[in-house]
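Coordinate-derived values only; no laboratory data. This is a predicted model, so every value here is computed, not measured. No Cβ is skipped: glycine too gets one built from the backbone with ideal geometry, and neighbour counts run over all protein chains shown.
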Amino acid sequence: MFNVKLNNGKEMPIVGLGTFRSKPDDAYNAVKTALKNGYTHIDTAAIYRNEEAVGKAIFDSKLNREDLFITTKVWNTDQGYRNTIKAFNESLKKLNLDYVDLYLIHWFKGYELALDTYKALEYLYKQGKIKAIGVSNYNIHHLQYLLEHAEIKPMVNQVETHVYLQNHPLQEFCIKNGIQLEAYAPLMSSNIQDLLENETMKKIAKKHKKSVAQIAIKWLTERNIVVIPKSVTTSRIIQNIDIFNFSLDDDDMQEIRKLNQGRKFFPEFDNIDF
Ligand SMILES: NC(=O)c1ccc[n+]([C@@H]2O[C@H](COP(=O)([O-])OP(=O)(O)OC[C@H]3O[C@@H](n4cnc5c(N)ncnc54)[C@H](OP(=O)(O)O)[C@@H]3O)[C@@H](O)[C@H]2O)c1
């Protein structure tokens with residue numbers, strides 16, 4: 001497994017397992033399958049309502065805690081300094097862990113609230129209960145605000161990123177500011193059929209004797225973007241991490257770049273009503 005290095009020196013595996021919309025039993029099985037098949041990185045969130053199942057799968061897998069990278073996120077209604085600390089402790093308890101590797105603010109809910117919430121993350125980071133802190137669904141202007149006002153630079157920004165929404169300017173900004181970009185919905189989430197039927201992707205997949213999903217994941221890792229494909233299907237979980245035995249060439253990368261449409265399947269960050 002290839003790791004990226006965050007701005008505090010912490011290593012983060014470039015591929016992890018997503019668990020959005022995975023019901024507890026499915027999440028338990030998926031996490032166990034993943035950990036048995038080379039994954040060390042799991043992404044969950046309080047709002048996914050599967051942290052207990054994820055924690056149980058981690059426990060039952062009997063792996064060394066220090067070899068794992070576990071991410072969870074504070075939900076919108078729990079933002080604010082005190083609420084976030086409370087929500088974090090609840091997540092930690094559900095996950096049955098002493099610390100999490102990465103804790104993210106799930107969505108941007110206004111500048112003032114973001115800063116209060118982020119201060120709680122800084123506090124928990126200093127306590128050693130979180131090994132890396134960051135945000136999710138933040139655009140350049142949100143990140144700029146945090147960089148100007150926060151004490152500790154965010155380490156990660158997790159945003160929707162896939163071949164139809166490539167986020168090149170956001171990635172450039174993140175690189176310039178030492179923030180690791182992490183791609184959610186790398187397979188376009190419930191719109192995955194659009195990806196699987198794309199002719200360019202099918203052609204590149206055939207050329208490398210890989211699946212379209214594997215090409216979509218590899219294209220992100222070639223850009224040094226952390227990627228967390230979700231699956232509850234054993235064969236797909238295994239397939240999605242089997243991407244380290246080939247490379248995409250410049251022609252492949254350029255052809256995929258041309259597929260960018262700036263097309264979002266998830267809400268605009270500034271415009272959420274949840
Ligand atoms: N921060 C945020 O706001 C946010 C938002 C969305 C997601 N996320 C995180 O990012 C993760 C990934 O995003 P996502 O779950 O929305 O979507 P995704 O990973 O882009 O796509 C998941 C879908 O692809 C299918 N799939 C997976 N591997 C496949 C393969 N090799 N071949 C064919 N189909 C395949 C899955 O089906 P099966 O499961 O049935 O196999 C599922 O329907 C989430 O699980 C979550 O951890 C974060």
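Selection of the range 41-67 for residues being surrounded by fewer than 19 Cβ atoms within 10 Å (Cβ to Cβ) and either within 21 Å of Val156 (Cβ to Cβ) or not charged (D, E, K, R) (or both) yields Ile47, Phe59, Ser61, Leu63, Asn64, Arg65, Glu66, Asp67. Restricting attention to the range 28-62, the residues that are under 13 Å from Leu97 (Cα atoms), more than 11 Å from the ligand (Cβ to nearest atom) and of a type in the set (A, V, I, L, M) total 3.
Look through the range 175-201, keep the residues that are more than 6 Å from the ligand (Cβ to nearest atom) and of a type in the set (Ser, Thr, Tyr), and return whichever of them is nearest to Arg257 (Cα to Cα). Filtering first and then ranking leaves Thr200. Which one is farthest from Glu11 (Cα to Cα), of the residues in the range 202-249 that are within 10 Å of the ligand (Cβ to nearest atom), under 15 Å from the mean Cα position of the chain (by Cα) and not in a helix (DSSP H, G or I)? Checking each candidate, the answer is Ser231.
Within the bounds of the range 110-130, is there any residue that is within 16 Å of the ligand (Cβ to nearest atom) and closer than 22 Å to Ile14 by Cα? No; the residues of the range 110-130 include none that is within 16 Å of the ligand (Cβ to nearest atom) and closer than 22 Å to Ile14 by Cα. Every listed requirement among (1) over 17 Å from Asn271 (Cα atoms); (2) aliphatic (A, V, I, L, M); (3) surrounded by 23 or more Cβ atoms within 10 Å (Cβ to Cβ) is met by Leu147 save one, (3). Looking only at residues of the range 207-235 that are among the charged types (D, E, K, R) and more than 17 Å from Met253 (Cβ to Cβ), we find that the one that is surrounded by the most Cβ atoms within 10 Å (Cβ to Cβ) is Lys230.
Looking across the range 2-19, the residues that are out of contact with any helix residue (DSSP H, G or I) (no Cβ under 6 Å at 6 or more places or on another chain) and within 13 Å of the ligand (Cβ to nearest atom) come down to Gly16, Gly18. Evaluate the following for Leu6: is it hydrophobic (A, V, I, L, M, F, W, C) and closer than 28 Å to Pro267 by Cβ? Spelling it out, Leu6 is indeed hydrophobic (A, V, I, L, M, F, W, C) and closer than 28 Å to Pro267 by Cβ. Here the strands (runs of 3 or more DSSP E) wholly within the range 33-137 that include at least 1 residues being among the aromatic types (Phe, Trp, Tyr) are 69-74, 102-105. Scanning the range 47-83 for residues that are of a type in the set (S, T, N, Q) and free of Cβ contacts under 8 Å to residues at least 40 places away in the same chain gives Asn50, Ser61, Asn64, Thr72, Thr77, Gln79, Asn83. Are any of the residues in the range 167-181 charged (D, E, K, R) and in contact (Cβ under 8 Å) with a residue 40 or more places away in the chain? The answer is no, given that none of the residues of the range 167-181 is charged (D, E, K, R) and in contact (Cβ under 8 Å) with a residue 40 or more places away in the chain.
Of the candidates Leu187, Leu196, the single residue that is aliphatic (A, V, I, L, M) and buried (at least 23 other Cβ atoms within 10 Å of the Cβ) is Leu187. Listed by first and then second residue, the pairs linking a residue in the range 12-26 that is of a type in the set (D, E, K, R) to a residue that is near the ligand (Cβ under 8 Å from one of its atoms) and not in a loop (DSSP other than H, G, I, E, B), with Cβ atoms under 9 Å apart and 6 or more places separating them unless they lie on different chains, are Arg21/Tyr48; Arg21/Ser189; Arg21/Ser190; Arg21/Lys230.
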